[in-house]
Amino acid sequence: MNVAREAMKILEENRRESSGNMYTLPSADHYPYQWLWDSCFHAIILARYDAKLARGEIRSLLSKQFDNGMLPHIIYWTPGILHLFRWGVEGTSSLTQPPMVAYAVREIHRRDPDIPFLEDVFPSLIAYYRYLLTVRDPMGYHLAGIINPDESGEDNSPRFDEPLGISHDVTLQEHLGKRHALVDAHRELQFDITRHMNDYFWVKDVLFNAVLVENLRALADIALLINRDDDSAWAGREAEAVAAAMRERMFEDGAYWSTMGKSFMKLKVDTWARFVPLFAGLYSATEARAAVEGYLKDPDAFAAPWGIRTVSKKEVSYRPAAEENDFSWRGPVWMAPHWFIYRGLVRYGFTEEARGIREKSVALLEHSGFRECFNPETGEAYGARSFTWGALVLDMQEDGDAS
Ligand code: GLC
């Protein structure tokens, strides 16, 4: 299989248009709608080939922004698989997802400069990040809270077992039931986020907040490009405030840990979130080296024959296979984590290691196809087919690097 050609083919086949909005389905069979962070990934990849399509993907995402600034994690452009509507309110989900949109917009502009596009989307972008820094941080800790594991993008990751009050042996169906119950509770509270956080689920997640830091920096860059110096200064300050709060509240024993509730209890389940701070430059050079040498490259922790495990093999919750051939964030390899880790490694100058991630990603796609996730030990594929995330290998290559 020619991986690059297959990636472009899937992106094209999964593209849809609805009421003038252009977007890409993560997978036509499993996910027949538009997803927030998936669309940011699509835009980052498309920016390399067709910036117009990338801009379209972003515009359709922003078109369903809530009045309070929130961007929903799913937009149900067309009716389809019914159970997915359980997340919804009037045509969209009531949740959000890791805030990658400013990064995607900056990337599109970097590859195909377009100031009017930046001016056009900026008000929506800043409204979204202001929402995350206010409504999602009612106590002013400078950490954005998530109210459902799905908002982390890692729906059933074991780092949410404790806040959900479930055991590590939970089945996928029981887990889904818990997450749906949270959405129902949210609806009953008439979407009062503060009450929901106090009464049901309030996690300050490492991935979500590291993504927030890096995206606030992207927002600061975008603001500067369109001469909004005050907004740029604000976003830059907020980025560093979130980074400082993460250091203060999450850092222990060489890693950042997600925390729950008012007490900031650390959720010490060792997942690939250990490597996400690399993406946002939150580790010192020494800490980064320790994370890479001591964990990323350790075959008994994260380094598996077919890629990077999403949960350390040392965790009791580690499950390399996905139940009922569905998806799982309890161990299997996913391509978006590979992409974040690749970007983090490049940032810190681990060029060889970054290349290794790309090579493993390509080998896995060649072996198992463009599927949702993969068994780290055997390469067996699970979940959705013609899943777009494999196309992220196209962005695991630096400009001018022909290897
Ligand atoms: C799964 C993933 C989530 C993704 C969605 C659509 O729910 O866990 O991260 O956004 O599928 O691809």
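The values are calculated or read from the model by the stated rules, or taken from the named source; none is laboratory data. These numbers come from a predicted model, not from an experiment. Cβ coordinates were reconstructed from backbone atoms using ideal geometry, including for glycine residues, and neighbour counts include every protein chain displayed. Side chains are part of the model used for accessible areas, which takes the heavy atoms of the whole protein and leaves out ligands, DNA and RNA. Shrake-Rupley method; radii C 1.70, N 1.55, O 1.52, S 1.80 Å.
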**Report entry** Evaluated at q = 0.15, 0.17, 0.26, 0.28 Å⁻¹: base-10 log I(q)/I(0), Debye formula over Cα of the stretch 158-199
**Finding:** -0.40, -0.50, -0.90, -0.96
Report task. Select from A54, A285, A218 the residue whose mean-square fluctuation is largest in a Gaussian network model of the chain (Cα-Cα springs shorter than 10 Å). Result -> A285
Report summary line: Residues whose built amide H sits under 5 Å from the amide H of S258, excluding neighbours closer than 5 in sequence, are V206, L267
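Rounded to the nearest 0.05, what FRET efficiency do N198 and D112 have when you use their Cβ-Cβ distance and R0 = 45 Å?
Computed FRET efficiency for N198 and D112: 0.50.
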**Report entry** Within the chain, helix-based [θ] at 222 nm, where runs of 4 or more DSSP H residues each add -39,500 (n - 2.57), nearest 500
**Finding:** -14000 deg cm²/dmol
Query raised in the report: Please state the relative contact order of the stretch 3-395 as a whole percent: Cα pairs under 8 Å, 6+ residues apart?
Result: 16
Report task. State log₁₀ I(q)/I(0) for the chain at q = 0.06, 0.07, 0.09 Å⁻¹ as given by the Debye formula over alpha-carbon point scatterers of equal weight, solvent excluded. Result -> -0.20, -0.28, -0.48
Query - Nitroxide proxy distance, nm - points 7 Å out along Cα→Cβ at V89 and S18 - result: 1.9
Query - Alpha-carbon centroids, the stretch 226-265 and the stretch 193-221: separation in whole Å - result: 9
Query raised in the report: So which lysines can K360 reach, going by Cα to Cα under 26 Å and dropping same-chain residues fewer than 8 places off?
Result: K9, K297, K313, K314
Requested in this report: Just name one of G56, S317, V213: the one whose Cα is farthest towards the positive end of the charge dipole of the chain (beta-carbon charges, Lys/Arg +1, Asp/Glu -1).
Outcome: V213
Query raised in the report: What lysines could a cross-link reach from K262, if we take a straight Cα to Cα line under 24 Å and drop same-chain neighbours fewer than 8 places away?
Result: K178, K204
Requested in this report: Calculate the length of the line joining the C-alpha centroid of the stretch 67-141 to that of the stretch 9-44, in whole Å.
Outcome: 15
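Placing +1 at every Lys and Arg Cβ and -1 at every Asp and Glu Cβ, with all other atoms neutral, what dipole size does the chain have around its Cα centre, in debye to the nearest 20? Before the final figure, lay out each step's value.
Values: 44 positive and 59 negative charges, 37 e Å.
Once rounded to the nearest 20, the dipole reads 180 debye.
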Report summary line: In this structure, the FRET efficiency calculated for I226 and D401 from their beta-carbon separation, with R0 = 35 Å, to the nearest 0.05, is 0.70
Query - Difference of contour (0.36 nm per residue) and Cα-Cα distance, R237 to K297 - result: 18.2 nm
Report summary line: If one builds a Gaussian network model of the chain from Cα atoms under 10 Å apart, the most fluctuating residue listed among L282, L71, L172 is L172
Query raised in the report: Any idea how far apart R347 and D29 come out in nm if each label point goes 7 Å out from Cα toward Cβ?
Result: 3.6
Report task. Report the net charge of residues surrounding P138, where surrounding means a beta-carbon distance below 14 angstrom and charges are Lys +1, Arg +1, Asp -1, Glu -1. Result -> +2
Query raised in the report: Taking a label point 7 Å from the Cα of A4 along the Cα→Cβ vector, which residues of the stretch 107-138 have an amide N closer than 13 Å to it?
Result: none
Requested in this report: With springs connecting C-alpha atoms under 10 Å apart, model the chain as a Gaussian network and identify which of I341, I147, I226 has the largest mean-square fluctuation.
Outcome: I226
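Two decimals is fine: what's Rg over Rh for the stretch 290-364, C-alpha atoms, Kirkwood radius as Rh?
Values: Rg = 12.3 Å, Rh = 12.7 Å.
Reported Rg/Rh (Cα atoms, Kirkwood Rh): 0.97.
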Query raised in the report: Taking a probe of 1.4 Å, how large is the accessible area per residue of the chain, in Å²?
Result: 37
Report summary line: Here P(r) for the stretch 340-403, Cα-Cα distances in 10 Å bins, as whole percents, is 21, 49, 27, 3
